[in-house]
Every structure is written in structure tokens, then in C-alpha cells.
1. What number of residues within segment 95-113 are assigned to a helix (DSSP H, G or I) and loosely packed, with under 13 Cβ neighbours inside 10 Å?
2. Inspect all residues belonging to segment 117-130 and state whether any of them is over 18 Å from D60 (Cα atoms), of a type outside the set (F, W, Y) and in contact (Cβ under 8 Å) with a residue 40 or more places away in the chain.
3. Can you name the residue in segment 107-140 that is more than 16 Å from the chain's Cα centre (by Cα) and of a type in the set (D, E, K, R) and is also modelled with the highest pLDDT among such residues?
4. When segment 53-112 is examined, which residues are found to be of a type in the set (V, I, T) and over 18 Å from K144 (Cα atoms)?
5. Whether any residue in segment 137-146 is without any contact (Cβ under 8 Å) to a residue 40 or more places away in the chain, surrounded by 13 or more Cβ atoms within 10 Å (Cβ to Cβ), assigned to a loop (DSSP other than H, G, I, E, B) and charged (D, E, K, R) is what I want to check.
6. As an exercise: evaluate D165 against (1) within 27 Å of R77 (Cβ to Cβ); (2) modelled with pLDDT under 90 and give the number of the one condition it does not meet.
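The values are calculated or read from the model by the stated rules, or taken from the named source; none is laboratory data. These numbers were taken from a predicted model, which means no experiment stands behind them. Heads up, the Cβs are rebuilt from the backbone with ideal geometry, glycines too, and the neighbour counts pull from every protein chain shown.
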Amino acid sequence: MDRRIIGRKATAPAFHPPRQACAGSASGASTGAPAQGAAASAASADRPVLAVLDTNVVLDWLWFDDPRLVPLAFRLRAGTLRWLATPPMREELAAVLGRATLPARPRSTEGVLADYDRWCALHPEPVAPAHSAALRCTDTDDQKFIDLALTLARTGGATALLTRDRAVLRLARHARLHRLWIGPPERWCDPAGPIPG
């Protein structure tokens, strides 16, 4: 896991996405090859993109109120994005929230975990896919995110692993061979950017 979270300063304003903005913000998602506009919107309406969020992305969203994550929340509300995680991922988040090194915020640990449980669907911890040998992360703490994303990608749905972790981002090129898009959430949420599939 990227250690950026240690000593980070919280500067973003409080984040409460309006429900009525969901539909318009979700128009860039797709479950097929890269596409944009009406075609992308129609594809995402049929089947949501499956996404795995690493711990730092979750913290940026639910603890630091990072405004770059607002489109991500819109897509979750609109149902064009389905966030999945395993129990160890939730345990990692809870452990990080319990550290005294996190900057103080108006939010509580209990509130963040409640939002986590509200928006995230827990998935059984997968046995590492056979082809995950080609996607081994140098940080073993992050391998669980890759293994789950690869498992989901095998279902045939578009899958994204949203991260800013450099060790994981180095695997992005090879991941595309397995129908897995790896990249930062703000890049994925940009309608002009690449669309998982």
C-alpha cells in the first residue's frame, strides 16, 4: 500500500454529491471497447462497470473529501459503477483509520466505515487467478486489489482498478491484455479519457 496517507494534509471542502447530478455525470462510462457519448451511456446502462478501489482512493474520497472523486460518487449513485472489495481490504481501511497519523477530520472512523458498507459490495477473497503471475506487484500489500480485479475481469464485464499507487500503475499496460484498466480515478472519470473494457 502506498504510504502517501501518512502525514497528508486535508485541504478539500466537504463533499456531499447532489442526487440530481448523477445521471449527467455518469455519461462517460462504458462496458465495451473505448467509446464515448450516447453509445457509452447506453452500454453502461445495460451493465455497470465493476471497479476495485485501493485504500488510498477510498481515503481520498471518504476521509479527505477530495473533490476529484466527486464524479466517482455520482457514478455509484447512478448505478453505472459497482464497487467491489474483499474483507481484507475493509480490514486494511479500518486499520489505517485507527492510526494516529491521519490528519484530524470532522468525519469519524465509524462514519467512513458506514459509507464504505453502504456503497461497497463485499466479494469473497479470490484464489489468485492463474494469469495473475504476469501481474505481480512489487508491494505485496497491493496484490489483493489486483487479484480481485483480475477475477472480476474474467466475468466479461468491464473492470477498473482505481489507484494512484506507482507500483500498481506500472502494471497498467499488461493489465489491458486481461481486460483490466488500471489508473487514477480522475483519469477514468474524465469522459475524454480511456474507458475500461
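1. Step one: of segment 95-113, the residues assigned to a helix (DSSP H, G or I) are 95-97, 109-113.
Of the ones still in play, those that are also loosely packed, with under 13 Cβ neighbours inside 10 Å are 95, 110.
Number satisfying all stated conditions: 2.
2. Keep residues of segment 117-130 that are over 18 Å from D60 (Cα atoms), which gives 121-130.
With of a type outside the set (F, W, Y) added as a condition, the list becomes 121-130.
Remaining after also requiring in contact (Cβ under 8 Å) with a residue 40 or more places away in the chain: 126.
Yes, segment 117-130 has at least one match.
3. The first filter runs over segment 107-140 and keeps only residues more than 16 Å from the chain's Cα centre (by Cα), leaving 107-111, 114, 124-140.
Now narrow it down to the ones that are of a type in the set (D, E, K, R): 107, 110, 125, 136, 139.
On the way: R107: 89, E110: 95, E125: 85, R136: 84, D139: 78.
This residue is E110.
4. Filtering segment 53-112 for residues of a type in the set (V, I, T) gives 55, 57-58, 70, 80, 86, 96, 101, 109, 112.
Passing the criteria: V70, T80, T101, T109, V112.
5. Start the filter on segment 137-146 by keeping residues that are without any contact (Cβ under 8 Å) to a residue 40 or more places away in the chain, which leaves 137-138, 140, 143, 146.
Now restrict to residues that are surrounded by 13 or more Cβ atoms within 10 Å (Cβ to Cβ): 137, 143, 146.
If we keep only those that are assigned to a loop (DSSP other than H, G, I, E, B) as well, we get 137.
Next, only the ones that are charged (D, E, K, R) stay: none.
For segment 137-146, residues without any contact (Cβ under 8 Å) to a residue 40 or more places away in the chain, surrounded by 13 or more Cβ atoms within 10 Å (Cβ to Cβ), assigned to a loop (DSSP other than H, G, I, E, B) and charged (D, E, K, R): absent.
6. Only one criterion is unmet by D165, namely (2).
Residue by residue, here is whether (1) crowded, with 19+ Cβ neighbours inside 10 Å; (2) modelled with pLDDT under 95; (3) of a type in the set (D, E, K, R) holds:
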position	(1), (2), (3)
L53	yes, no, no
D65	yes, yes, yes
P71	yes, yes, no
F74	yes, yes, no
G79	no, yes, no
P87	no, no, no
